[in-house]
Structures are given as structure tokens and as C-alpha cells.
């Protein structure tokens, strides 16, 4: 479950992992993102911008796609902090990459504005 809290105190609840509704949220400055899945909770707060991506894989023998990874990202001071949730084994990997190189060495689109000059906060609970 994706929950976004905005600077004005309002919030947005996203959909399921197959359709998070990331692009349906209002155009407001994000204060905090909370993502709960597989008995884990990831919280990102204080970043200049935020993004959310999903990666699917195609199962050739079964002839279907399945969701494989969810990425939560926050950018600050030229770096992108990435939380990659592996849906196959439930593990979460955190990486920090230079802004513009977050997706296999290239930039991603779909960034939403956060807050400037805030202290960042990240947390992972199980």
C-alpha cells in the first residue's frame, strides 16, 4: 500500500502493486512516502523529489508477466536514494546513485516535487 503525505497535511492512498496510481496523485509537494508490502514498511521523507517504479518480468514457459520489483526513490543533493523491493524473495536493497543514473545508468521520468532544505529520513521496518 502506497501512502503519500503532502506538505499541506493532505494525503493520497495509492492502489495495489500492479497499479499504484502514482500518476493519479495531485500535483503537490510531497512531505513523506510510506510503502507497506510483504510485512515490510519503507518510509522516505525530506527529499527534494520522489519517484515510484515497478519492474515486471515475462515468464516464457507460462506465457505471462508478473511483478518482480518495486522501486521507491528520493533525490537530494545530486544523489538518488533507491529502495528496491524484490517481490520474489521479500528482500530490500538500498543503493545511492548519482542523479540521472538511477535506472541502469540512465535517468527516469515521473518525478514528483518534494521539499527543499529538509533533513532526510528513511526507515525500513519488518
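The values are calculated or read from the model by the stated rules, or taken from the named source; none is laboratory data. This one's a predicted model, so the numbers in the text were calculated from it and none came from an experiment. Glycine gets a Cβ as well: all are built from the backbone with ideal geometry, and neighbour counts include every protein chain shown.
Please determine, by comparing only the residues of region 46-104 that are touching a residue at least 60 places away in the same chain (Cβ under 8 Å) and outside any strand (DSSP E or B), which one is farthest from residue 4 (Cα to Cα).
Within region 46-104, the first condition is being touching a residue at least 60 places away in the same chain (Cβ under 8 Å), and the residues that meet it are 46-51, 87.
Of the ones still in play, those that are also outside any strand (DSSP E or B) are 46-48, 87.
Details: 46: 13, 47: 13, 48: 14, 87: 21 Å.
So, considering only residues that are touching a residue at least 60 places away in the same chain (Cβ under 8 Å) and outside any strand (DSSP E or B), the one farthest from residue 4 (Cα to Cα) is 87.
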For residue 28, the lone unmet condition from (1) at pLDDT 90 or above; (2) farther than 18 Å from residue 3 by Cα; (3) not in a strand (DSSP E or B) is (2)
Criterion first (farther than 24 Å from residue 79 by Cβ and in a strand (DSSP E or B)) does residue 34 satisfy it?
no
Residues that are buried (at least 16 other Cβ atoms within 10 Å of the Cβ), in contact with a helix residue (DSSP H, G or I) (Cβ under 7 Å, 6 or more places away or on another chain) and without any contact (Cβ under 8 Å) to a residue 60 or more places away in the chain: does region 34-44 have at least one?
no
Test of understanding: among 7, 19, 51, which residue is surrounded by fewer than 17 Cβ atoms within 10 Å (Cβ to Cβ) and modelled with pLDDT of 90 or more?
7
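Pick from region 105-114 the residues that are free of Cβ contacts under 8 Å to residues at least 60 places away in the same chain and not in a strand (DSSP E or B): which of them is farthest from the chain's Cα centre (by Cα)?
Step one: of region 105-114, the residues free of Cβ contacts under 8 Å to residues at least 60 places away in the same chain are 105-109.
Going one step further and asking which of them are not in a strand (DSSP E or B), we end up with 105, 107-109.
Values: 105: 17, 107: 15, 108: 12, 109: 12 Å.
Restricting to residues being free of Cβ contacts under 8 Å to residues at least 60 places away in the same chain and not in a strand (DSSP E or B), the top hit is 105.
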